[in-house]
Amino acid sequence: MLCFWAIAFPVTSQAITVQKVPNLRQVNNTWVTEKANILSDSTEIHLNQMISDLEAKNGSEIAVVTVLFFLSIEG
């Protein structure tokens, strides 16, 4: 699965690792994991619909993840 991460302004007290990001496609059939609270509900719905349409058309999968801070595992 091709993943894109939208990273909001860093807030170190609410850091998250990639391993802690839930796979919402498996959990509740959505493509968007919204941890930073930067997307409106309508934007999240629109993104989910666009990605679902793309998957139906050609099998592509895209995950959209917003986080407040990204911890690198590369030191």
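The values are calculated or read from the model by the stated rules, or taken from the named source; none is laboratory data. Quantities reported herein were computed from a predicted structural model and do not represent experimental measurements. Positions of Cβ are backbone-derived with ideal geometry, glycine not excepted, and every protein chain shown enters the neighbour counts. Accessible surface is based on the protein model in full, side chains and every heavy atom, while ligands, DNA and RNA are left aside. Shrake-Rupley method; radii C 1.70, N 1.55, O 1.52, S 1.80 Å.
Brief remarks on what is shown
- Residues in segment 2-33 that are open to solvent by 100 Å² or more (accessible area, probe 1.4 Å) and touching a helix residue (DSSP H, G or I) at 6+ places or on another chain (Cβ under 9 Å) were compared, and the one that is modelled with the highest pLDDT is ASN29.
- Close pairs (7 angstrom Cβ cut-off, 6 or more residues apart or separate chains): closer than 12 Å to VAL64 by Cα in segment 30-47, open to solvent by 40 Å² or more (accessible area, probe 1.4 Å) and among the basic types (Lys, Arg) anywhere: TRP31/ARG25
- Complete set of residues in segment 34-63 that are over 15 Å from the mean Cα position of the chain (by Cα) and surrounded by 13 or more Cβ atoms within 10 Å (Cβ to Cβ): LEU54, GLU55
- Applying the set (1) outside any loop (DSSP other than H, G, I, E, B); (2) at pLDDT below 90 to ALA36 leaves exactly one unmet item: (1).
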